[in-house]
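Undergrad: Structure incoming, see below.
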């Protein structure tokens, strides 16, 4: 209960501060100034000092760590067991001849595969007036030498089929 109340008070105190900093930054921007310059003036070199301190602490942890840092390369061993099955592992078995391959962890092992192209639908063969499929593609003009009455009947039958 007490911690919840403390968090509420902190939140209520931080909201106006964040709003004030935002308004000051926007005001500086509107005057043609650099808002980042304002923060550099206020904070001074404390940000750069904090960055260098954190980096120095990380470097000292790396040197004092008993755990080995992971390498950027991995070695994989390959061998064939007594059943004739090809096996892979991070260490070779004793007494069996194995081959070693070293791979860069930051490189792709497989080549990129091309994106499959969508298959285009085959044009439908629409039967003509004589019952034979009409050549061409959809939207193609009909022959001009056709009788207008036959053409009208044909178009009506096509509309009924849809």
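Undergrad: Among the candidates 107, 100, which residue alone is at pLDDT 85 or above and out of contact with any helix residue (DSSP H, G or I) (no Cβ under 7 Å at 6 or more places or on another chain)?
TA: Working: 107 fails: at pLDDT 85 or above.
Matching residue, one of 107, 100: 100.
Undergrad: Follow-up. Do we have any residue at all in the stretch 1-22 that's at pLDDT 80 or above and assigned to a loop (DSSP other than H, G, I, E, B)?
TA: The answer is yes, given that some residue of the stretch 1-22 is at pLDDT 80 or above and assigned to a loop (DSSP other than H, G, I, E, B).
The values are calculated or read from the model by the stated rules, or taken from the named source; none is laboratory data. Here the structure is a predicted model, which is why all the values come from computation and not from measurement. No Cβ is skipped: glycine too gets one built from the backbone with ideal geometry, and neighbour counts run over all protein chains shown.
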